[in-house]
Amino acid sequence: MSGRGKVFSWAILRHAFIPEFKERLPMILGLLEFDDAPGLRLVNNIIECDPKDVYFGMPVEVVFHRINEEVTLPLFKPIRK
Amino acid sequence: MDTLRDKIAIVGIGETQYVRKSQRNIQDLIMEAVTKALADAGIGPREVDGVISEGMVTPALMPHDDLGANLGCRRKFDATFAVVGPGNVGGSLLAAMAITSGQADVVLQYWGCNWGQSPGGPYAFHTFWPEKISFEQPYGFYAQPTYLAMRQRFYAQKYGLTERQLGAIAVTHRRHAILNGRAQLKKPMTIEDYLNSPMIADPLRRDDCCLISDGACAWVMVSAERAKRCPKPPVYVMGVGYDSDPFGLTSGMSQGESYTHYECATRATERALKMAGVSLKEVNFAEIYDCFTISLLEQFESIGFAKKGEGGAFFEEGKASVEGGVLPVNTHGGNLSHAYMLGAAHVVEAVRQLRGEAGPAQVRNAEIGLVGGYNFIDYSTLLLRR
């Protein structure tokens, strides 16, 4: 996959259902779709983005975030020209 | 299709008080509801010969065999039907099949939940599946509001839904809860209160979300013939329909072609109406599973009570209010304000309405009621009449 997608829908998480996430709030929860994987939607976060700047169809690209030696998380950020 | 129409009736209902967190254990609560339902039906515990429940939550809390032992009854029929909402609402389909085929004469259906007492409560559902733990939880997708919030935003954009329309749904439910006198939430809510309630996952607010409740419900079903000999007015099962979409609970919340509305609710309703031999126009009131204001709205439209995108206006114009509305919805206040019993209390409320026992929340001339039981990927519609 190209790693590039678009925002299908999103929400701004403001309540820490998982207490450990509290410092990360507000978090942009995104449902993303991909031209090269039609019919699939990915649940993910949109980072490096102000919550008020998200829009339907916003192009995003994957960024791999290394948490530790064992865990790398794919995250998505807006494609900025 | 019409062979089961009006063949059985609900003749006894029982429920516990609903609280956020009970001090009693769930088996106690379930037995209280069951005992009350049998007393209401004028039927002794040993006469029960059929036991049904939904299949995910209830049997883990009170297995059917334990229930049978507590009642001292010999089960000749024992089954679970679907899971949670669709199971609670569609279970009478199984009872109708068992009773008309002569397998059992007295079928008891029950539900209980103790998420108020359990760590994680209903949100812990998300930790059942490794897929959710690996692919969703690290991103903060934990708890149903995170999924429904995105759905709400998508629907609002597509149909022009306003916050005030969603608020009208919440306010109507709270008003009904206050009228019924037995609800968990009795504090009055204005539209301003709704708009000021905290954002949980923007655009979804706390007052868009249903309660967490501990409690139990039960109901007793017998043949239409036998029902005439029971002390309370019978409530006949006219029709039941169940349908589903080809997704699992792991993926159904994010995948699925239609990201608004539920085709399975439309199909389940068509089949229930066909069995019942009536049209939607003849339904006087509806108890529809309201885990969130947006999910209620989508079901309301999928069932066919309003065209897609027009449900919000229906509620905003007061048409769903038990005080003068044309089609009262969730006359008890629903999962939002009465109690979160995953559809079981919606069945009990429909029976109350059709018996004329709803007091200040009574629908006038209640003849036929519809109950809708929702899960993300399947649905049951039940039609009851007096």
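Listed values, structure above:
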quantity	calculated
Those residues of the stretch A:1-53 which are touching a residue at least 24 places away in the same chain (Cβ under 8 Å) and at the interface with chain B (Cβ under 7 Å from one of its Cβ atoms), in sequence order	A:SER9, A:TRP10, A:ILE12, A:LEU31, A:ARG41, A:ASN44, A:ASN45
Index of the failed condition, B:HIS261 passing every other in (1) in a loop (DSSP other than H, G, I, E, B); (2) under 24 Å from B:GLY309 (Cα atoms); (3) within 14 Å of chain A (Cβ to nearest Cβ)	(3)
Residue match in the stretch B:367-376 (condition: at pLDDT 95 or above, more than 30 Å from B:SER22 (Cβ to Cβ) and assigned to a loop (DSSP other than H, G, I, E, B))	yes
Number of positions in the stretch B:160-173 that are surrounded by fewer than 19 Cβ atoms within 10 Å (Cβ to Cβ) and in a helix (DSSP H, G or I)	2
Wholly enclosed strands (runs of 3 or more DSSP E) of chain A bearing at least 3 residues of a type outside the set (A, V, I, L, M) and within 9 Å of the chain's Cα centre (by Cα)	A:72-78
For B:PRO122: the one exception among (1) over 18 Å from the mean Cα position of the chain (by Cα); (2) over 23 Å from B:PRO234 (Cα atoms)	(1)
Any hit, the stretch B:127-148, residues being open to solvent by 20 Å² or more (accessible area, probe 1.4 Å), away from chain A (no Cβ under 14 Å) and assigned to a loop (DSSP other than H, G, I, E, B)	yes
Any chance B:LYS274 is charged (D, E, K, R), out of contact with any His (no Cβ under 9 Å at 6 or more places or on another chain), in a helix (DSSP H, G or I) and open to solvent by 10 Å² or more (accessible area, probe 1.4 Å)	yes
Residue count for the stretch B:355-386, restricted to those that are within 18 Å of the chain's Cα centre (by Cα) and open to solvent by 50 Å² or more (accessible area, probe 1.4 Å)	1
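The values are calculated or read from the model by the stated rules, or taken from the named source; none is laboratory data. Just so it is clear, the model here is predicted, and its values are computed rather than measured. Neighbour counts run over all protein chains shown; Cβ positions are idealised from the backbone, glycine included. Quick note on the areas: whole protein, heavy atoms, side chains included, nothing else; ligands and nucleic acids left out. Shrake-Rupley method; radii C 1.70, N 1.55, O 1.52, S 1.80 Å.
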